[in-house]
Amino acid sequence: MGLQPYLLLSATVFCIGLFGVMTRRNTIGILLGIELMMNAVNINLVAFARYTAVASGMVFTVFTICITVTEAALGLAIVILLFRVRRTVMADHLDLLKG
Amino acid sequence: MSEQIAFAVLAFTLVGSALAVVLSKNLFHAVLWLALALTGTAGVFLLLDAEFLAAVQLLLYAGGIITIVVFAIVVTERLIGERLTQTNMRIGGGALLSAVLFGFILMVLARHPLPATRPEMPGDLTRAVGEAVLTRYVLPFELLAVLMLTGLLGAIYFARPED
């Protein structure tokens with residue numbers, strides 16, 4: 001089996017994640033969409049690493065997984081803080097910076 | 001042949017659960033679908049001979065992130081007394097932009113020749129990853145440790161109990 005099906009799968013998951021990020025109203029839902037996109041990127045990295053027989057791509061996957069976990073923890077901490085201050089987690093209610 | 005079948009099953013699971021993540025009305029269900037999607041990704045990693053990454057994926061993502069997200073949902077929804085429903089807005093625009101991006105990626109993929117067979121991996125892959133992390137990529141690895149420490153300290157600072 002070639003490299004192409006893996007790239008297609010990852011592109012599909014990435015676009016679904018992008019759709020989620022753009023349409024979700026709940027901030028936690030947006031974060032879930034970002035997780036899906038990161039996940040698709042990881043599939044891409046591993047597939048390219050395997051088909052070029054270079055381990056570097058997998059090393060970078062380890063890095064991106066760790067960064068994603070940190071990002072999720074920080075993002076959710078910010079969501080909890082936002083909830084405490086504004087009593088809502090709906091993204092379209094958080095318009096304090098709107099002119 | 002067995003690889004194709006396994007890939008088809010995994011791809012079906014992954015795309016289906018990803019769609020459920022972004023379309024499910026119940027936020028808690030969306031998180032559970034995300035857990036399935038992340039587990040499916042671990043399966044794809046296994047298919048690509050990356051056993052170590054599949055284990056990391058299951059431990060960190062499916063274990064760690066799902067726990068944190070469920071915790072955040074419980075904290076933010078339980079207090080406000082609202083139901084766990086959530087809706088999407090601007091579905092047409094989002095679908096259009098995603099479709100355009102997908103079409104663009106398809107165009108790029110179709111234009112470039114891609115390897116049709118996978119080369120033999122020289123030696124043990126997990127061993128190669130471990131050696132690369134601790135020799136060539138040791139500086140980014142240590143920086144990553146600092147980043148994770150600061151990130152988690154910041155998360156604890158943000159979410160600390162009010163005094």
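The values are calculated or read from the model by the stated rules, or taken from the named source; none is laboratory data. This one's a predicted model, so the numbers in the text were calculated from it and none came from an experiment. All Cβ positions, glycine included, derive from the backbone under ideal geometry; neighbour counts span all protein chains shown. Heads up: the accessible areas ignore ligands, DNA and RNA and are worked out on the full protein's heavy atoms, side chains in. Shrake-Rupley method; radii C 1.70, N 1.55, O 1.52, S 1.80 Å.
Would you check which residues across the stretch B:1-43 are small (Gly, Ala, Ser), in contact with a Phe, Trp or Tyr (Cβ under 7 Å, 6 or more places away or on another chain) and in a helix (DSSP H, G or I) and list them?
B:Ser17, B:Ala20
Answer yes or no as to whether A:Ile30 is assigned to a helix (DSSP H, G or I), among the aliphatic types (A, V, I, L, M) and open to solvent by less than 20 Å² (accessible area, probe 1.4 Å).
It is false that A:Ile30 is assigned to a helix (DSSP H, G or I), among the aliphatic types (A, V, I, L, M) and open to solvent by less than 20 Å² (accessible area, probe 1.4 Å).
From B:Gly64, B:Gly130, which residue is in a helix (DSSP H, G or I), within 27 Å of A:Gly75 (Cβ to Cβ) and either at pLDDT 85 or above or at the interface with chain A (Cβ under 7 Å from one of its Cβ atoms) (or both)?
Selected residue: B:Gly64, the only one of B:Gly64, B:Gly130 that is in a helix (DSSP H, G or I), within 27 Å of A:Gly75 (Cβ to Cβ) and either at pLDDT 85 or above or at the interface with chain A (Cβ under 7 Å from one of its Cβ atoms) (or both).
So which of B:Ala18, B:Ala8 is modelled with pLDDT of 90 or more, at the interface with chain A (Cβ under 10 Å from one of its Cβ atoms) and open to solvent by less than 50 Å² (accessible area, probe 1.4 Å)?
On the way: B:Ala8 fails: open to solvent by less than 50 Å² (accessible area, probe 1.4 Å).
Matching residue, one of B:Ala18, B:Ala8: B:Ala18.
Please tell me if B:Phe52 is of a type outside the set (Lys, Arg), surrounded by 22 or more Cβ atoms within 10 Å (Cβ to Cβ) and in a helix (DSSP H, G or I).
no
Taking the stretch A:52-77, which residues are at the interface with chain B (Cβ under 7 Å from one of its Cβ atoms), surrounded by fewer than 22 Cβ atoms within 10 Å (Cβ to Cβ) and among the hydroxyl-bearing types (Ser, Thr, Tyr)?
Across the stretch A:52-77, the qualifying residues are A:Ser56, A:Thr70.
Out of everything in the stretch B:67-99 that is of a type in the set (Lys, Arg) and within 19 Å of B:Leu23 (Cβ to Cβ), what residue ends up being modelled with the lowest pLDDT?
If we take residues in the stretch B:67-99 being of a type in the set (Lys, Arg) and within 19 Å of B:Leu23 (Cβ to Cβ), then B:Arg83 is modelled with the lowest pLDDT.
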